[in-house]
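Comments concern the structure below.
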Amino acid sequence: MAESAIALKDVHLSLGSGAGRVHILKGVSLDIAHGESVGVVGPSGSGKSTLLMVLGGLERVAGGSVRVAGSELTGLGEDDLARFRGRSVGIVFQSFHLIPTMTALENVAVPLELAGARDAFDRARHELEQVGLADRINHYPGTLSGGEQQRVAIARALAPAPALLLADEPTGNLDEDTGAPIVDLMFEASRSRGMTLVIVTHDPELASRCDRTVRMRAGEIEPARPAAARVEAL
């Protein structure tokens with residue numbers, strides 16, 4: 001049997017210390033197949049974004065096993081985690097996180113340059129063309145609309161050809177008309193490149209476009225329910 005793209009087993013994560021310590025993830029187990037798209041839904045504070053950060057190697061777990069794209073993350077040091085993220089994971093955030101003093105082209109080229117790619121700017125230019133920004137490559141984030149900034153962020157996430165694309169409320173700062181093309185871009189990239197896609201969202205329509213929906217509550221994954229019940233509960 002082929003190895004899963006993502007395999008979490010009995011994952012626990014707590015933040016803070018002493019009386020202020022909060023148990024965020026409570027024995028989370030999850031398997032996601034290669035090329036599968038999964039929507040992660042649930043109320044605020046349920047652990048959705050924390051789960052996404054665990055998958056991206058940005059949060060360390062207190063217990064359990066986290067295996068992503070063939071790498072066991074729990075035993076890796078910071079340098080190895082950085083290398084893992086650079087080669088295997090693309091992340092799209094709600095707030096874009098572009099570097100304001102760099103052009104769109106430079107923003108997309110950054111992860112490629114950090115990975116030592118000699119053709120960083122050629123690849124960055126190609127990715128910006130793929131998201132419809134061929135005529136905006138030399139513009140700074142402050143001169144781009146919200147939708148354009150998110151397109152740059154998607155191009156940056158895709159540029160290293162990751163096995164996994166993670167998106168945390170990718171349309172949260174966009175209106176419906178602007179957000180719809182962004183969603184289309186992510187799903188098309190996932191299909192055409194064979195990437196696994198995990199999206200944290202409060203939008204039931206977005207979640208319904210995924211192959212599967214995972215619902216979290218109070219740091220745990222709820223048991224799967226029939227499709228009709230899941231959609232109604234979103």
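The values are calculated or read from the model by the stated rules, or taken from the named source; none is laboratory data. This one's a predicted model, so the numbers in the text were calculated from it and none came from an experiment. Glycine also receives a Cβ, built like all others from the backbone with ideal geometry; neighbour counts cover every protein chain displayed. What goes into the accessible areas is simple: the full protein's heavy atoms, side chains included, and nothing from ligands, DNA or RNA. Shrake-Rupley method; radii C 1.70, N 1.55, O 1.52, S 1.80 Å.
Here are some notes:
- Pick from region 100-110, criterion of a type in the set (S, T, N, Q) and not in a helix (DSSP H, G or I), ranking: surrounded by the most Cβ atoms within 10 Å (Cβ to Cβ): T103
- Boolean, E113 is surrounded by fewer than 19 Cβ atoms within 10 Å (Cβ to Cβ), part of a helix (DSSP H, G or I) and without any contact (Cβ under 8 Å) to a residue 60 or more places away in the chain: yes
- Within region 77-120, the set of residues being closer than 22 Å to T196 by Cα and of a type in the set (D, E, K, R) comprises D80, R83, R85, R87.
- Selected residue [touching a Cys at 6+ places or on another chain (Cβ under 7 Å) and open to solvent by less than 50 Å² (accessible area, probe 1.4 Å)] from I91, I182, I199: I199
- Residue check for L15: hydrophobic (A, V, I, L, M, F, W, C), surrounded by 15 or more Cβ atoms within 10 Å (Cβ to Cβ) and out of contact with any Lys or Arg (no Cβ under 6 Å at 6 or more places or on another chain): no
- Enumerated strands (runs of 3 or more DSSP E) restricted to region 16-88, each holding at least 1 residues that are closer than 25 Å to E188 by Cβ and hydroxyl-bearing (S, T, Y): 37-41
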